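Structure, as structure tokens:
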Amino acid sequence: MNKQQLVSAIRNKRSYLCVGLDTDIEKIPAHLHASPNAVLEFNKAIIDATKDYCVSYKINTAFYEAMGVKGWDIIEQTLHYIPETHFTIADAKRGDIGNTSAQYAKTFFETFPFDAVTVAPYMGEDSVRPFLEYENKVTIVLGLTSNKGASDFELQPAGGEHLYEKVLRTVSAWGTPHNLMFVVGATQASALENVRKIVPDNFLLVPGVGAQGGSLQEVSQYGLNSEAGLLVNASRAVIYAGSGEDFVVKAAEAARQYRDEMATYLQ
Ligand SMILES: O=c1ccn([C@@H]2O[C@H](COP(=O)(O)O)[C@@H](O)[C@H]2O)c(=O)[nH]1
């Protein structure tokens, strides 16, 4: 799915929810542990329960890489299980010297055919370019992250502006709103008005509502643009909304609540 199809999906579903599949074997309901592939079963059940309310799924690769070879297999099978109507994101936060980045891009755009991958901009243009060279794929660059450590570098002054502002301004010139999105944390909603001045047309992937306490209302107020322009991610607040046999019902309920609130902001 490309960005234009994502925009249509958001319009049709009245939702800009991305469900984060941060699946941790320690946190999935006990009854699933009888299955030989509990993590995959859990992911499939969550996808079935939430697909009507969201437009995107984000697989945070860390949770699967930690499982070794089996984790990569689960990434592949989960990715293939996600309906083609949904925008798929590998949250892998890659970026390295050019020839290495080219291999990362091949990993997440070809070997595992995600629609988008998250990339760290710290190593500069040649580390990001190999991702942008893929047609109809989207590179999502970290801008202003949701964590406390954002103040260590991203919010530090850099030539008359904050470092994150420099990143947004500089990186946005390397691509287009069609192939480039930015991560801005929901916990940074007060900066969103400013972010929108620098990148009015790029989609923003916004993690940090739910478990991290960010406000969907504030994010929507300052972040929405004429195409919606937002993908708001919720991982734990949706996938672990329930912890027993009713986890599917609870996850669906949590996703539906986000969708219902988003629909009011899209009026
Ligand atoms: O700034 C960032 C960048 C990425 N993330 C990721 O998003 C999800 C958030 O999970 P919740 O359970 O909804 O808090 C997770 O995969 C993070 O690694 C982020 O939180 N902030």
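Each value in this text was obtained by applying a stated rule to the coordinates, not by laboratory testing. The structure presented is a predicted model; accordingly, all values stated were derived computationally and were not measured. Quick reminder, even Gly has a Cβ in these numbers, built from the backbone with ideal geometry, and neighbours come from all protein chains shown.
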- Estimated inter-spin distance, residue 67 and residue 8, nm [label 7 Å along Cα→Cβ]: 3.3 nm
- Listed residue pairs exceeding 26 Å between alpha carbons, taken from 70/106; 106/166; 3/250; 93/250: 106/166; 3/250; 93/250
- Message: Running a GNM on the chain with Cα contacts under 10 Å, which residue among 175, 95, 213 ends up with the highest mean-square fluctuation?
- Response: 213
- Query: Can you give the helix-only mean residue ellipticity at 222 nm for the chain, where every DSSP H stretch with n ≥ 4 adds -39500 (n - 2.57) and the sum goes over all residues, rounded to the nearest 500 deg cm²/dmol?
  - Reply: -11500 deg cm²/dmol
- When we measure straight from the Cα of residue 197, which aspartates and glutamates land under 18 angstrom away, once same-chain ones fewer than 8 places off are left out? 154, 161, 165, 218, 227
- With +1 on the Cβ of every Lys and Arg and -1 on the Cβ of every Asp and Glu, the dipole magnitude of the stretch 47-87 about its Cα centre, in debye rounded to the nearest 20, is 100 debye
- Task: Pick out, from 175, 19, 226, the residue whose Cα sits farthest towards the positive end of the charge dipole of the chain, with +1 on the Cβ of Lys and Arg and -1 on the Cβ of Asp and Glu.
- Result: 226
- Message: Using the Kirkwood radius over C-alpha pairs as Rh, can you work out the diffusion coefficient of the chain via Stokes-Einstein at 10 °C, viscosity 1.306 mPa s, in µm² per second?
- Response: 86 µm²/s
- If you find the alpha carbon centre of the stretch 168-239 and of the stretch 1-79, how far apart are they in angstrom? 21 Å
- Query: If you stretched the chain out fully between residue 129 and residue 103, how much longer would it get, using 0.36 nm times the residue separation minus the C-alpha to C-alpha distance?
  - Reply: 8.2 nm
- Query: Out of 258, 244, 81, whose Cα points farthest toward the positive end of the dipole of the stretch 3-266 (charges: +1 Lys, Arg; -1 Asp, Glu; placed on Cβ)?
  - Reply: 258
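Only Lys, Arg, Asp and Glu count, each charged at its Cβ (+1, +1, -1, -1), so figure out the dipole size of the stretch 3-266 about its Cα centre, rounded to 20 debye.
340 debye
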- Which ordering of 54, 18 is given by a fewest-first count of other beta-carbon atoms within 10 Å? 18, 54
- Volume per residue of the C-alpha convex hull in the stretch 72-127, rounded to whole Å³: 73 Å³
- Note on the structure: Computed for the stretch 143-267: size of charge dipole around the Cα centre, +1 on C-beta of each Lys and Arg, -1 on C-beta of each Asp and Glu, debye to nearest 20, value 160 debye
